[in-house]
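What follows is one structure encoded as structure tokens, with my remarks underneath.
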Amino acid sequence: MPVYVENRQIVVPGELIADKNRFRVEGKVYERNGKYYSKVLGVVFVDKENKRVNLVTLKGKYIPSPGDLVIGKIVEVGMTNWTVDINSPYPAILPLTEVFSKPTSVPRSELSKILDVGDIIAAKVVAFDYARDPLITIKESRLGKIPKGLVVEVPPSKIPRVIGRKGSMINMLKELLGVELVVGKNGRIVIVGKDRAKMELAALAIKKIEREAHTSGLTDRIREFIMEKLNELGGGSNEKQ
Amino acid sequence: MSESKSAGVLSLLKREVILAGLRKGEREDGRSLTEYREIEVKTGYVGKAEGSALVSLGDTKVIAGVKVDVGTPFPDTPNMGVQIVNAEFIPVASPVFEPGPPGEDAIELARVIDRGLRSAEAVDLESLVLVPGSKVWTIFVDIYPLDHYGNLIDASGLAAMSALLDTKLPVATVEEGEVRVSEEKKPLPIKTRVVYVTIAKIEDFLVVDPTFEEELAADARITYAVNEDLNICGIQKGGSGAFRVKELLDARDIALEVAPKLFEKLPGKPGA
Amino acid sequence: MKNSNIQLIDESGKRVDGRYPNEMRRLRIEAGVLKNADGSAYIELGNNKIIVAVYGPHESTPKYLAEPDRAVIRCRYSMAPFSVSDRKSPSPSRREVELSMVIRQALEPAVFLNEYPRTMIDVFIEVLEADGGTRTASITAAAVALADAGIAMRDLVSAIAIGKVGGRLVVDLNGLEDQYGEGDMPIAMMPQLNYVTLFQADGVFTPQEIEDAFRMVADPIKKIYREQKRALKKKYVDVVREVEKSE
């Protein structure tokens, strides 16, 4: 038997997953004596048709990767840069040169007027190699300070579920609730919208996705959940009238 | 990088040299894998101590001193004397030792030596009671490595045991609950002697009495304390690696095989 | 440890708490019990109650402790003052310093430390009630807490003590047996890979008893491993059940 686990099975570190060579085994596994073992507490997706096994972690910190969009929080204003918490063991560095497209000299006292401690930003990881802390930029369009919104955190490994296949989940959230979502690979999602109640509903839906990320039929369940809650909301406002 | 951090890092080249040797069954200093370095035990080294010993194990040097005092017993053992083993990793002995109170390594060493002696009942603690429940002899064993070139546990074990075997206890008399300590002295009663055998695991090799560099190359170490009946009276695995059960049993066999050679180096028991 | 007149094992081979020699105490583990920690676990083994929090991997504090190629594990085993009969001072004893170290070394072989260079993983163990065997129960719970934090590991670590009472080897000493028995031999293993990561003993054991102890520990280690797995999976399996029920 080449695969020792069921589709969507929860595994703990050290559990035998599959023999080598029969299936393509990806994700959080390690190889030992021709066999693959789980490296983390995770869920296994077995695709028998395409002979693929993927092990996705259920928890864990964000490890930066160049090109990733991340949601950061300014934690320190330095002489020529900002230190940014990106929900990772490695704090990110945002230098002045990655804020302005032209060489700019800003006195230190002015730095906190551009971005201050506590500010939330959308940024992109430029470089990371473990030896030095990750370098991030906000120079591209749609990056930079996010002045308003609701920040929700989920384990970074669950972000693909929040996005859904080809964006199905996130698009559904946007359509049903009329909100904008900025999804950081680091597990942070900013919900932007006008209707506070709908923003909060989006946050609830994301928390439900997080909790049920390893189950099947999730998109349909989330749709039902939102519709139900929207009805309650509608009912609530009717009563007030 | 500080000197201490640098001294605690083995170059990869050196590690490869050590491993290449082990694959051929050789060690850098010409020893076999189960052979100890030259052992020298000098007792009565410190005149002011009731007992003392300076031990050299190759280039590793450890001094142990015994001081005694009349004290109170532990509440749960009112009819036993008190044995206290302490170790100080003084900066004299190695660039990896920092000045300051004992760190986890020094505390571990002292506790491993203490457990071996205690489990074997090496010191006859029951004979050290002066007034049951209130006055007993306290035996302090203080271990000071002077030069750390590997295997401090076995060297410290030899030093502590030798110092205890060297110890002369003042003769004390009790009159109406008062303890009087005379000038006259007699040997500290010892029931059995104990030796410690430490074996390092370097990849798949088991190496007795590792040098400092072999310790740095090792994944883990195992220490067996052995009494004169050749029973095990203490075990301590150390280091961040892991052992196969078979390796631990092989190490046990090696320990039992080499222990008699260590006993030969120790002073005899008083009265024996 | 001292022989005494207390009879720890009777003629029929039963122990002071009614267990047979190869029987361990009731074991219950719960994962993810703390909100703040990245990973956590609670364990009850007989009367022992221990809680473990794992924080990390996080930025190394202080920075000079960081290693360029791997994570550093910091481990603190601590007994609450009220966990034992006579109040224990909350400041760390020599015993706690040593146990913090050997517990750390029992966990390190299981963790892929090189996946997280320059970081630190904190393992904080708090013994709330102690009744013999807290170091092994702490290791068992700490392995669950590390896995619960999503940290990459080769295997879990499961631990239990083999002891000697009335001249016989027994599994999992309770407090009374630990105090009046003849020997205690805590063992931690990576159960799937079959490696020993903690091995200590005090008391006198014959060479044969060392071998027997390893034979005797195999079954309890399997049981502990099963409970660790159950605890780690519970939260997720419960969600699946709940979802299936609602459909």
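What follows draws every value from the coordinates through simple rules; no lab data is involved. Please read all numbers here as calculations on a predicted model, not as lab measurements. Please note: Cβ atoms are built from the backbone with ideal geometry, for glycine as well, and neighbour counts cover all protein chains shown.
Brief remarks follow.
- When you work out D = kT/(6 pi eta Rh) for segment A:23-95 at 4 °C and 1.567 mPa s, using the Kirkwood radius from C-alpha pairs as Rh and the Stokes-Einstein form, the result is 86 µm²/s.
- Angle between chain B longest axis and helix B:245-265 axis [Cα atoms, degrees, rounded to 10]: 60 degrees
- Counting, for every residue in C:188-199, the Cβ atoms of other protein chains within 10 Å of its Cβ and taking the mean gives 5.
- Against chain C, whose longest principal axis is taken from its Cα atoms, helix C:207-246 shows a tilt of about 40°.
- Considering only segment A:9-57, percent of DSSP beta bridges that pair antiparallel, nearest 5: 80 percent
- Here the convex hull built on the C-alpha positions of segment A:95-138 has a volume of 100 cubic angstrom per residue.
- Student exercise, chain A dipole from Lys, Arg, Asp, Glu Cβ charges, in Debye to nearest 20: 440 debye
- Percent of alpha-carbon pairs separated by more than 15 Å within segment C:126-200: 57 percent
- Sequence ranges C:84-93, A:112-121, B:109-118, C:106-115, ranked by mean other-Cβ count within 10 angstrom, highest first: B:109-118, C:106-115, A:112-121, C:84-93
- What the pair-distance distribution of chain C shows, using all Cα-Cα distances binned every 5 Å from zero, is 1, 6, 13, 17, 19, 16, 12, 8, 5, 2, 1, 0, 0 percent.
- Calculated [222 nm] ellipticity per residue, helices only, for chain C: -10500 deg cm²/dmol; basis is -39500 (n - 2.57) per DSSP H run with n ≥ 4, divided by all residues, nearest 500.
- Taken over the C-alpha atoms, segment A:69-145 has Rg and Dmax values of 11.4, 31 angstrom.
- Beta bridges assigned by DSSP with both partners in chain B are antiparallel in approximately 90 percent of cases.
- Ordering of A:85-93, A:9-17 by burial proxy (mean other Cβ atoms within 10 Å per residue, highest first): A:9-17, A:85-93
- Descending semi-axes in whole angstrom, ellipsoid equivalent of segment B:71-117, from the Cα gyration tensor: 28, 11, 8
- A convex hull fitted around the alpha carbon atoms of chain B yields 131 Å³ per residue.
- Sequence-separation-based contact order of segment B:129-179, relative, with Cα cut under 8 Å and 6+ spacing, percent: 43 percent
- Geometric descriptor of the protein assembly as shown, per residue, is 226 Å³ (volume of the convex hull of the Cα atoms).
- Of the peptides A:189-199, B:179-189, the order by per-residue mean of other Cβ atoms within 10 Å, starting with the highest, comes out as A:189-199, B:179-189.
- Beta bridges from DSSP with both residues in chain A: antiparallel share about 90 percent, rounded to the nearest 5.
- Test item: C:224-232 mean partner chain Cβ contacts at 10 Å: 2
- The Cα-based radius of gyration and maximum Cα-Cα distance (Dmax) for segment A:150-236 are 11.9, 36 Å.
- Against chain B, whose longest principal axis comes from its Cα atoms, helix B:104-120 is set at around 60 degrees.
- Spherically averaged projected area in nm², based on the convex hull that wraps the Cα atoms of segment B:29-68: 3.3 nm²
- When both segment B:84-128 and segment A:100-147 are represented by their alpha-carbon centers, they are found 53 Å apart.
- Whole-percent P(r), segment A:122-191, all Cα pairs, 5 Å bins from 0: 4, 14, 20, 24, 21, 11, 4, 2, 0.
- For segment C:131-247, the normalised intensity computed at q = 0.18 Å⁻¹ comes to -0.89 (log10 of I(q)/I(0), Debye sum over alpha carbons, equal scatterers, no solvent).
- Taking Cα centre as origin and charging only the Cβ of basic (Lys, Arg, +1) and acidic (Asp, Glu, -1) residues, the dipole magnitude of the protein assembly as shown rounds to 3320 debye.
- Per-residue mean of C-beta atoms belonging to partner chains within 10 Å, peptide A:124-135: 1
- For chain B: relative contact order, % (alpha-carbon pairs under 8 angstrom, 6 or more apart): 20 percent
- Dimensions of segment A:9-57 from C-alpha coordinates, computed as largest minus smallest value along each principal axis and given longest first, are 25, 22, 13 Å.
- Segment C:11-31 versus segment C:41-114: alpha-carbon centroid distance in Å: 26 Å
- Debye log10 I(q)/I(0) for segment B:140-201, one point scatterer per Cα, at q = 0.14, 0.16, 0.27 Å⁻¹: -0.58, -0.68, -1.14
- When only the Cβ of Lys, Arg, Asp and Glu is charged (+1, +1, -1, -1), the dipole of chain B relative to its Cα centre reaches about 220 debye.
- Relative contact order for segment A:69-145, counting Cα pairs under 8 Å that sit 6 or more residues apart, in percent: 35 percent
- Based on alpha-carbon atoms, the Kirkwood radius and the radius of gyration of chain A give Rg/Rh equal to 1.05.
- Phi to ³J(HN,Hα) by Karplus 6.51 cos²θ - 1.76 cosθ + 1.60 over segment B:20-36, Hz, x for Gly, Pro: 4, x, 4, 4, 9, x, 10, 10, 4, 8, x, 7, 7, 5, 10, 9, 7
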